[in-house]
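Structure first, then comments.
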Amino acid sequence: MNLNELKKKLQPKLHKFDIEGTELYIHRPSGRDMPQCTDIPSTLILCVKDENSDPVFSDKDEEGRINVDSIDCTFQVKIYEAIIALLEVDKTDEIEKK
């Protein structure tokens, strides 16, 4: 068994998400990140990436990241709801388990 290949397959998958004509990539939290996803800002910091899989948001002003607290709360909620929707198990997930 190739453990590296399996590890890659088990990582949260990135899903394109359009916000105002710009593509972001969102994913379900990993098992390690789930306990830290206690509110909207922390979930966005951990589960929103750019096209290179680098985090988009931060909890402070830093180079190459957007301070999550500086964006409009309606955008925060919109992105958060899309991430939460990924947590719902759909029929394809159930079929693949069987």
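So the values come out like this:
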quantity	calculated
Condition check for THR43: in contact with a Cys (Cβ under 6 Å, 6 or more places away or on another chain), under 16 Å from ILE71 (Cα atoms) and either surrounded by 13 or more Cβ atoms within 10 Å (Cβ to Cβ) or of a type in the set (Val, Ile, Thr) (or both)	yes
Count of residues meeting criterion [of a type in the set (A, V, I, L, M, F, W, C) and part of a helix (DSSP H, G or I)] in region 1-21	3
Condition check for LEU46: touching a strand residue (DSSP E or B) at 6+ places or on another chain (Cβ under 8 Å), within 18 Å of GLN76 (Cα to Cα) and not in a helix (DSSP H, G or I)	no
Search result, residues across region 62-72 that are of a type outside the set (Asp, Glu) and either at pLDDT below 95 or in a loop (DSSP other than H, G, I, E, B) (or both)	GLY64, ARG65, ILE71
Selection from region 56-75 of residues that are within 16 Å of LEU24 (Cβ to Cβ) and basic (Lys, Arg)	ARG65
Some residue of region 55-69 being among the β-branched types (Val, Ile, Thr) and in contact with a Lys or Arg (Cβ under 7 Å, 6 or more places away or on another chain)	yes
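A quick yes/no check of all residues on (1) modelled with pLDDT under 95; (2) assigned to a loop (DSSP other than H, G, I, E, B); (3) more than 25 Å from LEU10 (Cα to Cα):
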{"residue": "PRO29", "(1), (2), (3)": "no, yes, no"}
{"residue": "THR74", "(1), (2), (3)": "no, no, yes"}
{"residue": "VAL77", "(1), (2), (3)": "no, no, yes"}
{"residue": "ALA85", "(1), (2), (3)": "no, no, no"}
{"residue": "ASP93", "(1), (2), (3)": "yes, no, no"}
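The values are calculated or read from the model by the stated rules, or taken from the named source; none is laboratory data. Computed from a prediction, not measured in an experiment: that's the story for all the values here. Here the Cβ is made from the backbone with ideal geometry for all residues, glycine too, and neighbour counts use every protein chain on show.
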